[in-house]
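*Asks:* Structure incoming, see below.
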Amino acid sequence: MAYVAANGIRMHVQRMPAKGSAADGPRPRVVFIHGVGTDSLASFYLTLAAPAANAGIEVISYDLRGHGRSDRPPTGYTVADAVDDLAALLAELDVAGPVHLVGNSFGGTVAFSFAHRFPDRVASLVAIESEPATRSWSRKIADRLDEGAEKLVQAEVLSWIHDHHGSHMSRLGKAFGQVLATTSITRDVPRGPLLSGADLAAISCPVLAIFGAESHVVDVAETLPDLLPGCQVEVIPGYEHGVLMQAPHEVRDLVLPWILRHEPVEIR
């Protein structure tokens, strides 16, 4: 466990050195970006981090502001702020070369915007259950955050979460309800800034998009290739929005070969 001061906040970061077959040669570097809400770097720590390190990939994962063990400032929760946080974190970690970005849900939205702003910094992008910050996305995320702000402060809702998902998830729900109530996150996140069709077409790195076939956002799988020429889409049957946690082996078998296949020839 480590903490890094970046972009004016203290960020919780975990790193795993590369091992395995690629350890004696070039070492790809991946940054895992988790989703908004009850999520944290733990979702990648429990699923892809160790397999990636064992495959010879250096791993960086971190808690977004307002999440996990990172600071929870009252403001600064736009997608642009998240991109600024990631850029500052990489600078503090002295990571100068291209990295592979793997984002889950909102983490993928951050990854798309980072790739748009810093095209030379991204070797490839994997978006799990994610979509770019478009107008359609803005409306959907605003509705989700507003619903969370209303429900996660209600004792009966937290009790239902406890009964159906356990005490840990109930505690996470209550904690995020406090974040929603005491910060500008519900106003900030939907603001983006939003990306236009031209912005998305300009993203030049290879993009892999992964969805669960039963997810409420699987319709994005049909439209994403039109927005991002050359985007590869994989739909995993039988899983919902939580496909990363529900089917970690299937996700791993898509993500790790993708990263190794798209590592630049010249390594920093």
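Values in this text are rule-based calculations from the coordinates and carry no lab data. A quick note: this is a predicted structure, and the numbers were derived from the prediction, not measured. Positions of Cβ are generated from backbone atoms using ideal geometry, with glycine treated the same way; all protein chains shown enter the neighbour counts.
*Asks:* Counting Lys +1, Arg +1, Asp -1, Glu -1, what net charge surrounds residue 40 among other residues with beta carbon under 9 Å of its beta carbon? Could the numbers behind the result be given before it?
*Replies:* On the way: positive: 69; negative: 39, 63.
Residues close to residue 40 contribute a combined charge of -1.
*Asks:* Could you tell me how many cubic angstrom of Cα convex hull volume the chain has per residue?
*Replies:* Details: hull volume 31.1 nm³, N = 268.
Cα-based convex hull of the chain, divided per residue, equals 116 Å³.
*Asks:* What lysines sit close enough to residue 174 to cross-link, taking a C-alpha to C-alpha distance under 28 Å and skipping anything fewer than 8 places away on the same chain?
*Replies:* Result set, ordered by chain and number: 140, 151.
*Asks:* Sticking with this structure for a sec: For segment 1-155, what size does the Cα cloud have along each of its three principal axes, sorted from largest down, in whole Å?
*Replies:* If we take the Cα atoms of segment 1-155, the spans are 52, 31, 28 Å.
*Asks:* Just to be sure I understand: with springs between alpha-carbon atoms less than 10 Å apart, which residue in 241, 34, 249 has the highest mean-square fluctuation in the Gaussian network model of the chain?
*Replies:* Ranking 241, 34, 249 by mean-square fluctuation puts 249 first.
*Asks:* List, in order, the whole-Hz ³J(HN,Hα) value for each residue of segment 58-72 obtained from phi through the Karplus relation with A = 6.51, B = -1.76, C = 1.60 and θ = phi - 60°; use x for Gly and Pro.
*Replies:* Each residue of segment 58-72 in turn: 6, 10, 10, 9, 8, 8, 4, 4, x, 10, x, 9, 6, 4, 10 Hz.
*Asks:* Comparing 82, 209, 42, which has the greatest mean-square fluctuation in the GNM of the chain with Cα pairs linked when under 10 Å apart?
*Replies:* So, out of 82, 209, 42, the one fluctuating most is 42.
*Asks:* Among 217, 157, 251, determine the one that fluctuates most according to a GNM of the chain built with springs between C-alpha atoms less than 10 Å apart.
*Replies:* 157
*Asks:* Then there is this: Magnitude of the Cβ-charge dipole of segment 132-266, K/R +1 and D/E -1, about the Cα centre, nearest 20 debye? Mind dumping the intermediate values first?
*Replies:* On the way: 11 positive and 18 negative charges, 95 e Å.
The calculation lands at about 460 debye.
*Asks:* Would you work out the relative contact order for the chain, in percent, from Cα pairs under 8 angstrom that are 6 or more residues apart? Before the final figure, lay out the partial values.
*Replies:* Working: 522 pairs, mean separation 52.0, N = 268.
Result for the chain is 19 percent.
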